[in-house]
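Right, one structure below, let's go through it.
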Amino acid sequence: MEIRKASFLLSNTDVSKCPPPTLPEYAFIGRSNVGKSSLINMLANNNSLAKISGTPGKTRLINHFIINESWYLVDLPGYGYAKVPRSERTKYENMIRQYILKRENLYCLFILIDIRHEPQKIDLEFMEWIGMNQVPFVMVFTKTDKLKPDEVQTKIELYTEKMFEIWEEMPTYFITSAVKILGKTEILDFIDEINLKAK
Ligand code: GDP
C-alpha cells in the first residue's frame, strides 16, 4: 500500500469525541522523542503531517488523520516525559488509557521503541498492561540508522530475551528508520492486510 491521501481530521482529549468508529484505526505511541512524528511523516510521505516537535512531550492530544479515505491513523501523546508536572502527566496518561481500552475500532497499536536504548522498564510495563487488556500491538524499533546492523541485531536479541520473561513469543516487530526510509513498506503492507481482512 502507498498513502495517496492523508489529512488531519481532529484533535481531542476524550475518546468519546473521536470520529465515529466506522473505519479501521491504527494508533502510534511511544516515549517522548522516540521518533513518532518522523515515523508518521515517513509513512505518509508528508514531512509536516505530524509535527516534529522541538519540545519533547508538547503534543498531549489524540490526533486523528484520515488515510486514503479508508482508515484512521492516530498520533497519541508520548509517555514518560519526566519534565511534565505529575498532575498533568496523570491526566493525559489517563486519557491514553481510556482511549486504548474504549476505542472499539482500534485494530493495532504501534509501540515505538528507540533501538539505541537498553529495554526500558516503562516500555516493558506499558506492553504488559496492553497485553493484559488484550489490545493487539506490534513493536516498532526506531532510529536504526544510528546503529550498525550487527548492533541492531544485538539490541533486538536483548529485547527478545526481556520479552520472553513475560510473553510466550516475541510480538511482531518492525525495524525502521525515518532517515533511511526503512520499514515503511512493511508497516503499510501490514496495515493493508488487516484492512483487507476487516472488509
Ligand atoms: P517524537 O517526539 O516521538 O515525535 O519524535 P520526533 O519525530 O520529533 O523525533 C525526535 C528526534 O529524533 C528529532 O530530532 C528527529 O530528527 C530524530 N529522529 C527521528 N527519527 C529518526 C530516525 O529514524 N533516525 C535518526 N537518525 N533520527 C531520527
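Numbers for the structure displayed
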{"item": "Options Arg89, Arg60: the member that is surrounded by 15 or more Cβ atoms within 10 Å (Cβ to Cβ), more than 13 Å from the ligand (Cβ to nearest atom) and at pLDDT below 90", "result": "Arg89"}
{"item": "Among residues of the stretch 153-189, those that are more than 15 Å from the ligand (Cβ to nearest atom) and closer than 15 Å to Ile40 by Cβ, counted", "result": "1"}
{"item": "Hey, Glu125 free of Cβ contacts under 8 Å to residues at least 24 places away in the same chain and in a helix (DSSP H, G or I) or not", "result": "yes"}
{"item": "Qualifying residue in the stretch 73-80 (condition: closer than 20 Å to Phe8 by Cβ, of a type in the set (Asp, Glu) and in contact (Cβ under 8 Å) with a residue 40 or more places away in the chain)", "result": "yes"}
{"item": "Residues within the stretch 169-187 that are of a type outside the set (Ser, Thr, Tyr) and part of a loop (DSSP other than H, G, I, E, B), tallied", "result": "8"}
{"item": "Qualifying residue in the stretch 125-137 (condition: surrounded by 13 or more Cβ atoms within 10 Å (Cβ to Cβ) and within 14 Å of the ligand (Cβ to nearest atom))", "result": "no"}
{"item": "Every residue from the stretch 18-53 that is near the ligand (Cβ under 7 Å from one of its atoms) and of a type outside the set (Val, Ile, Thr)", "result": "Gly30, Ser32, Asn33, Gly35, Lys36, Ser37, Ser38, Leu39, Ala50, Ser53"}
{"item": "Subset tally (residues that are within 12 Å of the chain's Cα centre (by Cα) and either at pLDDT below 95 or not aliphatic (A, V, I, L, M) (or both)) for the stretch 108-122", "result": "3"}
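To keep it simple, each residue is scored yes or no on (1) within 12 Å of the chain's Cα centre (by Cα); (2) assigned to a strand (DSSP E or B); (3) touching a residue at least 40 places away in the same chain (Cβ under 8 Å).
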residue	(1), (2), (3)
Leu10	no, yes, yes
Leu23	no, no, yes
Gly30	yes, yes, yes
Val34	yes, no, yes
Ser38	yes, no, yes
Met42	no, no, yes
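The values are calculated or read from the model by the stated rules, or taken from the named source; none is laboratory data. Owing to the predicted nature of the structure, the values given are computational and were not obtained by experimental measurement. Note that each Cβ is placed from the backbone with ideal geometry, even for glycine, and that neighbours are counted across all protein chains shown.
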